1. Condition first: among the small types (G, A, S) and part of a strand (DSSP E or B). Now tell me which residues in segment 32-75 satisfy that.
2. Quick check on my filter: what residues within segment 156-182 are exposed (fewer than 14 other Cβ atoms within 10 Å of the Cβ) and within 21 Å of E232 (Cβ to Cβ)?
3. Among the listed residues A112, A126, A96, which satisfies the condition of being outside any strand (DSSP E or B) and small (G, A, S)?
4. How many residues are modelled with pLDDT of 95 or more and either touching a Pro at 6+ places or on another chain (Cβ under 8 Å) or part of a strand (DSSP E or B) (or both) if we restrict to segment 21-31?
5. Just to verify a result, which residue in segment 1-20, among those that are polar (S, T, N, Q) and in a loop (DSSP other than H, G, I, E, B), is modelled with the lowest pLDDT?
6. In segment 12-31, how many residues are among the aromatic types (F, W, Y) and either closer than 15 Å to F141 by Cβ or touching an Asp or Glu at 6+ places or on another chain (Cβ under 6 Å) (or both)?
7. Applying the selection to segment 57-82, what residues are over 20 Å from A112 (Cα atoms) and under 16 Å from the mean Cα position of the chain (by Cα)?
Amino acid sequence: MDPSDMHKNSGYHFKLIPHSFDNHTWKIHQTYRLKVAYTHNPSKFWIITKINKLDRFHKYLQFFYRNYGRGFVIAKCNLRWYKYGVVYVYESYYRALLVTVPLEHEDKSVQAFLVDYGISVEVPPANVYVLSDELLDVPQFAIRATLSRMGPFNSPKWTSEATDIFRHMVKDMVLAGKVKRVDTVRRIVELELDDYYCRARCMSLVKNALLAKQCAIPLTGFEKESELKFREPPFFEIEAGVDQDTECVKSTLEKITLSYPEIPDMCPLSIKQIRML
């Protein structure tokens, strides 16, 4: 990307970042290789299917904004004109949907949703940068997902213990996600999860582990949606910053930063090349 092109995007903020969900031809009972990017609870988490592509994209983003970001900070008085930006949080740069922005006279943070990781954060207005057309055209990587036909054990909502156990089970793992249901309107995929590298031997590994630990119970599939209180709040509210686990957000983002100890002085890939991967 040529830094001189960064501001040649008047009106770009009216465009929408395309969605990786739409790039898949989701088929029931088909298995996809994936990682869990962030977990709110077992009924609300975000997955990545383009694992290697996101890795390269994240490196590119760090390289570019570490070298050229100073020139592309959005003035606080102009934030309201931008739908998307690049935000700097916990020593890394991320593409973000700008959910709420302060007025010029307000001493408030920007509420932002990191579209490639499924995480909501608050950042100072000074930590928001222009997002170029090139970066805008890359589909967001995080996809909404829910664990198929599972509900909390003896509780109307998922307990922190059950959520922590689920997080521990899936963190850093390459998983096999078998599609059980697809909500094309809200872009949610319902999955059964197993260890990708032993999927021939491990059947419903995550589900059975949660059942064995008495963290979850199976659902019949005939329950009314209005009765499933544990599925609240909806995804869009979580993405807007509702009911956030700030400690989990912090540890997740700190871990992402630590996983990229060195960003090369010369980035080997252009955005065009990344999109072709």
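1. As a first pass, look at segment 32-75 and keep what is among the small types (G, A, S): 37, 43, 69, 71, 75.
Result: A37, single match.
2. Of everything in segment 156-182, those that are exposed (fewer than 14 other Cβ atoms within 10 Å of the Cβ) and within 21 Å of E232 (Cβ to Cβ) turn out to be P156, S160, E161.
3. Numbers: A112 fails: outside any strand (DSSP E or B); A96 fails: outside any strand (DSSP E or B).
That would be A126, the only listed residue that is outside any strand (DSSP E or B) and small (G, A, S).
4. Final tally of qualifying residues: 1.
5. Taking segment 1-20 as the starting set, the residues that turn out to be polar (S, T, N, Q) are 4, 9-10, 20.
With in a loop (DSSP other than H, G, I, E, B) added as a condition, the list becomes 9-10.
Details: N9: 44, S10: 39.
Restricting to residues being polar (S, T, N, Q) and in a loop (DSSP other than H, G, I, E, B), the top hit is S10.
6. First, the residues of segment 12-31 that are among the aromatic types (F, W, Y): 12, 14, 21, 26.
After this cut, where a residue has to be either closer than 15 Å to F141 by Cβ or touching an Asp or Glu at 6+ places or on another chain (Cβ under 6 Å) (or both) as well, the list is 12, 21.
Of the residues in that region, 2 qualify.
7. None - no residue of segment 57-82 is over 20 Å from A112 (Cα atoms) and under 16 Å from the mean Cα position of the chain (by Cα), so the list stays empty.
The rows are residues; the columns are (1) over 14 Å from the mean Cα position of the chain (by Cα); (2) on the phi < 0 side of the Ramachandran plot; (3) not polar (S, T, N, Q).
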{"site": "Y84", "(1), (2), (3)": "yes, yes, yes"}
{"site": "Y94", "(1), (2), (3)": "no, yes, yes"}
{"site": "S120", "(1), (2), (3)": "no, yes, no"}
{"site": "R149", "(1), (2), (3)": "yes, no, yes"}
{"site": "P152", "(1), (2), (3)": "yes, yes, yes"}
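The values are calculated or read from the model by the stated rules, or taken from the named source; none is laboratory data. Everything numeric in this text was worked out from a predicted model, so none of it was measured. Note: ideal-geometry Cβ built from the backbone for every residue, glycine included; neighbour counts use all protein chains shown.
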